[in-house]
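As structure tokens, the structure follows; a few thoughts come after it.
A short reminder: the numbers here are calculations on the coordinates, not readings from a lab. This one's a predicted model, so the numbers in the text were calculated from it and none came from an experiment. We place every Cβ from the backbone using ideal geometry, glycine too, and count neighbours over all the protein chains shown.
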Amino acid sequence: MGKKYAFMMALACVLLVGCAPKHCVIDASWTQRPSRVKVLFTDPIIDSPKDLADDLPEFVNNFSDWYRAQMEAFFKASSDGVVYSVEKISPDFLAYEASDLDGESIRTPRIKMLDGTADVYLVIADLWIGRIKDMSCSGPMGPGMAGPSCYAEKSLTGRGRYAYFDGKTGAKLGFGDIKAQSFFTFTVSLDDWIEVVNKTVEIVRKDTPMAR
């Protein structure tokens with residue numbers, strides 16, 4: 001009984017606490033807030049075309065235009081004193097390299113050529129937006145207890161990879177993984193699309209000098 005109880009309690013801790021993996025690595029020497037940041041992103045892959053047609057029908061064939069405008073608005077609303085510009089670029093202008101994130105090797109983007117118009121460049125690539133369903137559990141577990149209650153959490157989720165580069169030297173200043181979620185109960189709405197972009201901006205700014 002003792003071993004079984006210990007196992008059940010350990011399982012409960014996994015279910016309740018879960019794991020909070022590191023999502024980014026920022027160079028400790030990057031401490032100065034840049035004056036100008038140029039954000040470059042590749043065209044997102046939409047895995048929920050019906051939701052897009054329902055919520056943003058006028059942008060079915062040019063979603064990246066809406067995405068760029070929303071992203072630029074959220075960057076500018078961050079009130080960090082930095083001048084941001086946001087542009088869509090072709091994947092042809094990017095190269096990829098392996099980067100270590102919390103013991104896992106991930107593929108991060110690198111711009112092939114800097115145009116010298118910004119202090120720092122932020123490259124966002126491998127963007128994907130679609131519905132996902134995760135199982136979430138809460139509640140007690142142990143002898144005489146009913147056990148945790150589990151349910152499905154539905155979200156519109158944006159995924160991608162990003163990296164920052166020094167505008168003069170081209171040195172990589174940081175990189176990370178994006179998982180931006182907006183949870184919904186019945187169906188996806190326009191607010192969910194907006195929230196995915198908002199959280200994407202929050203994620204890529206996190207732990208950088210712009211967010212301090």
(request) Return the calculated 222 nm mean residue ellipticity for the chain, to the nearest 500 deg cm²/dmol, obtained by summing -39500 (n - 2.57) across DSSP H runs with n ≥ 4 and dividing by the residue count. (result) -8000 deg cm²/dmol
(request) Multiply the residue separation of Ser35 and Ala171 by 0.36 nm, subtract the distance between their alpha-carbon atoms, and state the gained length in nm to one decimal. (result) 47.2 nm
(message) If neighbour count is taken as other Cβ atoms inside 10 Å, put Leu56, Leu190, Leu40, Leu122 in order from fewest to most.
(response) Leu190, Leu56, Leu40, Leu122
(request) Output the pairs from Lys50/Lys154; Lys168/Lys199; Lys38/Lys76; Lys88/Lys154; Lys22/Lys112; Lys22/Lys172 with a Cα-Cα distance over 21 Å in this structure; if there are none, say none. (result) Lys168/Lys199; Lys88/Lys154; Lys22/Lys112
(message) Counting pairwise Cα distances across the stretch 89-202, what percent come out greater than 21 angstrom?
(response) 54 percent
(message) Would the stretch 147-195 count as rounded, prolate or oblate if I go by the C-alpha gyration tensor, calling it rounded below 1.5 in a/c and otherwise prolate when a/b exceeds b/c, oblate otherwise?
(response) oblate
(request) Provide the FRET efficiency to the nearest 0.05 for the Ala28-Trp66 pair, computing r from the beta carbons and using R0 = 30 Å. (result) 0.25
(message) Just to verify a number: FRET efficiency for Arg131 and Val83, C-beta to C-beta distance, R0 = 45 Å, to 0.05?
(response) 0.80
(request) Starting from the Cα of Asp43, step 7 Å along the direction of its Cβ; do the same at Ser138; then give the gap between the two resulting points in nm. (result) 4.1 nm
(request) Provide Met113, Met71 in ascending order of the number of other Cβ atoms located within 10 Å of each residue's Cβ, fewest first. (result) Met113, Met71
(message) Taking the beta-carbon count within 10 Å as an exposure proxy, list Lys154, Lys38, Lys112 from fewest neighbours to most.
(response) Lys112, Lys154, Lys38
(request) Would you compute, for the Cα atoms of the chain, the largest minus smallest coordinate along each principal axis and list the three values in descending order, in whole Å? (result) 67, 44, 32
(request) Could I have the simple spin-label model distance between Ala211 and Ser105, label points 7 Å from Cα toward Cβ, reported in nm to one decimal? (result) 2.7 nm
(request) Using only the Cα atoms of the stretch 50-131, each taken as one equal point scatterer with no solvent, compute I(q) by the Debye sum, divide by I(0), and report log10 of the ratio at q = 0.15, 0.20, 0.23, 0.26 Å⁻¹. (result) -0.78, -1.14, -1.22, -1.26
